[in-house]
Amino acid sequence: MSSSAQFINAAAAARRLGVSAKALRLYEQRGLLAPVRTTANWRTYGPAEMAQAAEIAALRALGLSLSQVAQVFNGEPDCLEPALAAHQAALESRLRQLAGTVDKVRNLRADLARGQAPAAGELPALLSPASQIEIALDLPWPWGGERFELAAIKPLTYIIGPLGSGKTRLAQAIAATTPGAAFLGLDRLIAGEAAESHLAKDTALNARVEQALAWLTEDGATPSAALTALIVGLEIEGPVILVVDMVEQGLGQTTQEAVIAHLRRRGPEARPLFLMTRSCAILDLTAVGADEAIVLCPANHSPPTLVAPYPGAAGYEAVATCLASPEVRARTEGVIAWRPHVA
């Protein structure tokens, strides 16, 4: 195999690393990464560059800013301490959960040795996290009361469908019927004063929002009122599940890429998010991971269904045809489906 075969372009490198291509360019601008240029001046990334980029991505995932990443690379690792402490606390929490599950298995085995079978519900509880949230609801119009159920909710679940498919009604129904859930609607775009009020009253929220916006800006996001309103809604504590209406609304492509990369970095223990979207920058079907799921609302008003993110899977092509670039989404912004009245 030739050495050139080991080099990949920026888009492929970004997908493999779970970051945006703009983030890679920012790493380069900060002097943290030096991709190899082709004779046509295209950026390429070989094993050494990918290893360096993976280090940057890992440090970013731990919560370090790019300036702190530079400090680590310059032999000043003190800023790693609080980030590693937080990561250790998260791991220890997961260990405690696993230890509790091991105790349950041990007790069940002891019961079996005495001839006592597991009680109803013990085995399903054993195979699922104790804190798992399940969604079960009777679907509103246009589905006519059919049952919709989701178990093992992922940290990121995308709700997608063509205009008029009912995805907004599904999202609102999930928020209305799931205990502890909240709906973050498009009114956030005109509620700038409300966002500022939240930030003024809650210093901890303000700090989280400022930190998130700083990270997003370093990843290529363009600061805007729409971005701030979204981050405020995402960072407010309280809801067990958050359902977000059209997460891409008011955001450009690089900002959308930075937002989804930021949300993916939250990890498997993060609060579940349901993201309504029709943007291929938010829902990149080539980058969907194990902690993500896709719910499709079909055009023919069949019940919503889970779709696996690979070609050939049932519903995959329908999902792909719903997605558009941010430029196309911007041109259709505000367009709604019209259902004619039948006398």
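Table for the structure above
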{"read-out": "Simple spin-label estimate for Arg94 and Ala117 in nanometres, 7 Å along Cα-Cβ", "value": "3.6 nm"}
{"read-out": "Solvent-accessible surface (1.4 angstrom probe) belonging to Cys280, in square angstrom, nearest 10", "value": "60 Å²"}
{"read-out": "Projected-area average for the stretch 41-104 over all orientations - Cα convex hull basis, square nanometres", "value": "6.6 nm²"}
{"read-out": "From the C-alpha gyration tensor of the chain, square roots of 5λ in Å", "value": "34, 30, 22"}
{"read-out": "Derived scalar couplings ³J(HN,Hα) [the stretch 270-281; Karplus, 6.51 cos²θ - 1.76 cosθ + 1.60; whole Hz; x for Gly, Pro]", "value": "6, 4, x, 10, 9, 10, 6, 7, 9, 9, 6, 6"}
{"read-out": "Förster radius 30 Å - calculated FRET efficiency between Leu285 and Ala151 (Cβ-Cβ, nearest 0.05)", "value": "0.85"}
{"read-out": "Whichever aspartates and glutamates have a C-alpha closer than 12 Å to that of Lys167, once near sequence neighbours (fewer than 8 apart) are set aside", "value": "Asp245"}
{"read-out": "Taking the chain and dividing mean pair separation by its residue count, relative contact order in percent (alpha carbons under 8 Å, at least six apart)", "value": "18 percent"}
{"read-out": "Global size of the stretch 216-327 as Cα Rg and Dmax, reported in angstrom", "value": "14.3, 42"}
{"read-out": "Label point 7 Å beyond Cα of Ala11 along Cβ direction - residues of the stretch 29-65 with amide nitrogen under 14 Å", "value": "43"}
{"read-out": "Amide hydrogen neighbours beyond the local backbone of Val244, cut-off 5 Å, H modeled", "value": "Leu184, Phe274, Leu275, Met276"}
{"read-out": "Efficiency of FRET between Thr177 and Thr39 - r from beta-carbon atoms, R0 51 angstrom, step 0.05", "value": "0.30"}
{"read-out": "222 nm mean residue ellipticity, helices alone, for the chain (DSSP H n ≥ 4; -39,500 (n - 2.57); rounded to 500)", "value": "-14000 deg cm²/dmol"}
{"read-out": "Set of lysines with alpha-carbon distance to Lys104 below 29 Å, sequence-local pairs under 8 removed", "value": "Lys154"}
{"read-out": "Exposure rule at most 16 other beta-carbon atoms within 10 Å, DSSP loop trypsin sites (Lys or Arg not before Pro): the chain longest free segment", "value": "115-265"}
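The values are calculated or read from the model by the stated rules, or taken from the named source; none is laboratory data. Every value quoted in this text rests on a predicted model; they were computed, and no experiment measured them. Neighbour counts are summed over all protein chains in view; Cβ atoms, including those assigned to glycine, are modelled from backbone coordinates with ideal geometry. Heads up: the accessible areas ignore ligands, DNA and RNA and are worked out on the full protein's heavy atoms, side chains in. Shrake-Rupley method; radii C 1.70, N 1.55, O 1.52, S 1.80 Å.
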